Amino acid sequence: MDIPRIFNITESAHRIHNPITPEKLATLGAALRLEPGARVLDLGSGSGEMLCTWARDHGVGGTGVDMSQLFTAQAKRRAEELGVADRVTFIHGDAAGHVADEKVDVAACVGATWIGGGVAGTIALLRQSLRTGGIILIGEPYWRQLPPTEEVAKGCLAHAIADFLMLPELLAVFGRLGYDVVEMVLADQDGWDRYEAAKWLTMRRWLDAHPGDALAEEVRTLLTSEPGRYAAYTREYLGWGVFALMPRNR
Ligand code: SAH
């Protein structure tokens, strides 16, 4: 079981597989006022940077589940490197339907909401692992500017304009689902550059090292087109943020 190989190639050098930077990830950890010993569940944990750095900086512990063997192995190495391997566990597997054995203080899905079939389904899934008073984290794109045409949405690698909302509407959806938005940290274009532009050097080096690979032509084509596509579309139109939610009780 694994994610499509192309992602394991283009994002092999990423510690964070999203437009959030290490600084903003630290800002988010501080914003949540995490207590030492707090338990975090992270569905689609990638290379584990959120869990590992929050374990180091705030003394939290927890579990990450991710379908990429490569990213999961990197997450385990990162935990060793930061000296938190006794507090965080990374499981390779499909996170769809994953519910924690013991309820957690923070239940997160940061940039992988297809795991629960979309934002609403993922929130419902995370809720099953959440203790009373706990916080759900959802990382999700939104439109910074509404694409003027469906073609522009496709340029952002969305299927349609309807894939994403403008920020106020996304916040309203959380409310309609019965949640208070209690914090948020938003990515900016520099963060998008770190996520997207970092793929280009990785692709170039991979191509130089694997000229005869079955995916070499696909990677060549991507490396040629991606900087222009990204600058014209994703960088201009797509926003991204992590939203902290608490179920409304009144
Ligand atoms: N939250 C991480 C990773 C986000 S990228 C970060 O911010 O760095 C999306 C991640 O979802 C990838 O690591 C991918 O391997 C993982 N993924 C995709 N489908 C999945 C599934 N069904 N179950 C678990 N992980 C999945």
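The values are calculated or read from the model by the stated rules, or taken from the named source; none is laboratory data. This one's a predicted model, so the numbers in the text were calculated from it and none came from an experiment. Note: ideal-geometry Cβ built from the backbone for every residue, glycine included; neighbour counts use all protein chains shown.
Some points to look at:
- Filter pass, V60 being of a type outside the set (K, R), crowded, with 24+ Cβ neighbours inside 10 Å and over 17 Å from G111 (Cα atoms): yes
- Within region 36-82, restricting attention to residues that are in a helix (DSSP H, G or I) and under 22 Å from I123 (Cα atoms), the residue that is farthest from the ligand (Cβ to nearest atom) is W54.
- A single entry from A162, A153, A85 fulfils the requirement of being crowded, with 22+ Cβ neighbours inside 10 Å and away from the ligand (no atom under 16 Å from the Cβ): A153.
- Residues satisfying the stated conditions in region 103-156, i.e. of a type in the set (D, E, K, R) and more than 16 Å from the chain's Cα centre (by Cα): K103, D105, R127, R131, R144, E150, E151, K154
- In region 26-35, the residue that is farthest from the ligand (Cβ to nearest atom) out of those that are part of a helix (DSSP H, G or I) and without any contact (Cβ under 8 Å) to a residue 60 or more places away in the chain is A30.
- Candidate set: region 118-134, residues that are touching a residue at least 60 places away in the same chain (Cβ under 8 Å) and within 16 Å of the ligand (Cβ to nearest atom); chosen: the one surrounded by the most Cβ atoms within 10 Å (Cβ to Cβ): L126
- Hits in region 2-19 (condition: part of a helix (DSSP H, G or I) and within 9 Å of the ligand (Cβ to nearest atom)): F7, N8
- In region 93-117, the residues that are within 9 Å of the ligand (Cβ to nearest atom) and modelled with pLDDT of 95 or more form Cβ pairs under 9 Å with partners that are charged (D, E, K, R) and assigned to a loop (DSSP other than H, G, I, E, B), at six or more places apart or across chains, as follows: I115/D94.
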